[in-house]
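Read the structure below first, then the notes.
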Amino acid sequence: MDLTTPPPPPPASGRGDYDRPALVAHAQASIARGSKSFAMASTLFDRVTRERAWLLYAWCRKCDDIADGQDHGGTLTGVTDGQARLSTIRVLTDMALRGEATGDPAFDGFGVVMRECAIPARYAHDLIEGFALDARDWRPRSQDDMLLYCYHVAGAVGCMMAVLMGVDPTDEATLDRACDLGLAFQLANIARDISEDEAADRCYLPQEWLAEMDIPPGEHMKPWARPRLAQLGKRMADMAAAYEQSARHGTGALPPRAAWAVLAAAGIYGDIAREVARRGGRAWDHRVVTPKSDKLLWVARSGWQVIGRAQRWPATTPRPADLWTRPTA
């Protein structure tokens, strides 16, 4: 896969060529607004990979915003037309995958990067299934349910990013590690956003976990439950750390600059979960973020980690048997 010169995208079903620079500029603006952490990590890629990562991010962000009625994130307020929003996402995504102009730069840019990198479309459909779960007010019963959700909304993106960075779509072992990083990111998100999700009448903590803590449904943010919730936050952070560590064993398959970006993102986002655990019952008083100074430290640290990464985290190390495994069928 050519990672140095982007091929020209095909015409949009006879409707004219895409303005790729304009799509990239739109995507760059989207990631700058939507995620300072990912925006910083993306600067470590080579130019072509960076632009492609922006294009993929912009589509993920736009789908998320359509599903939740937001504009580059923000406070969740809940939507009443979830199925209609889901239908919009499906229709525009399918148009983009067919090479048809959608009229939306996030979807048009998505179509471009999917064709440039030959990313399997099933990962895009898997991500949309995560939005479908939210649209029907789904709640995880078990830990495996929660991890399946994490796969749909983040693990599938990890697989797409791996292919974008040059991993062979048939290299299932490396894709498993890429999925693990997505799982780690989403577990950190869930741990951090428990209060925000509860305000929007959502809960991604497994019902079985809440029952183990003797927390009735809908009561997990009550003051009396904070010490017990803190235990679940720590449990979530420990899980995130296990998947983050597993993901590092896939970086040997990546070009050095791509590995640098991945390792930096892993550390930056991993700090979110670690901070949730450190704060205990105070973790949801104020939103947890990784300070810019700490992000810069991770950029520097991960630069050194790139050297000898294949020896430090060998790909031949078996993936821990107790980790959840993504669906491949």
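The values are calculated or read from the model by the stated rules, or taken from the named source; none is laboratory data. Bear in mind that the values here come from a model prediction, so they are computed numbers and not experimental data. Quick reminder, even Gly has a Cβ in these numbers, built from the backbone with ideal geometry, and neighbours come from all protein chains shown. For the accessible areas, the whole protein counts, side chains as well, though only heavy atoms, and no ligand, DNA or RNA atoms are used. Shrake-Rupley method; radii C 1.70, N 1.55, O 1.52, S 1.80 Å.
The C-beta contact set for the range 177-202 (first residue closer than 19 Å to E275 by Cβ and at pLDDT below 95, second residue β-branched (V, I, T) and buried (at least 18 other Cβ atoms within 10 Å of the Cβ), distance under 9 angstrom, 6+ apart or interchain) comprises D197/I190. Inspect all residues belonging to the range 290-306 and state whether any of them is open to solvent by 10 Å² or more (accessible area, probe 1.4 Å), aromatic (F, W, Y) and within 17 Å of L187 (Cβ to Cβ). Within the range 290-306, not a single residue is open to solvent by 10 Å² or more (accessible area, probe 1.4 Å), aromatic (F, W, Y) and within 17 Å of L187 (Cβ to Cβ). The set of residues in the range 267-314 being small (G, A, S), at pLDDT 95 or above and assigned to a loop (DSSP other than H, G, I, E, B) consists of A283 alone. Quick check on my filter: what residues within the range 156-197 are over 23 Å from R52 (Cβ atoms), of a type in the set (D, E) and buried (at least 17 other Cβ atoms within 10 Å of the Cβ)? D193, D197, listed by residue number.
Inside the range 127-151, can you point out the residues that are open to solvent by less than 30 Å² (accessible area, probe 1.4 Å) and not polar (S, T, N, Q)? Selection gives L127, I128, G130, F131, A132, L133, P140, M146, L147, Y149, C150, Y151. Of all residue pairs spaced 6 or more apart or on separate chains, those with beta-carbon atoms under 7 Å, a first member in the range 271-288 that is open to solvent by less than 20 Å² (accessible area, probe 1.4 Å) and a second member that is modelled with pLDDT under 95 are I272/T290.
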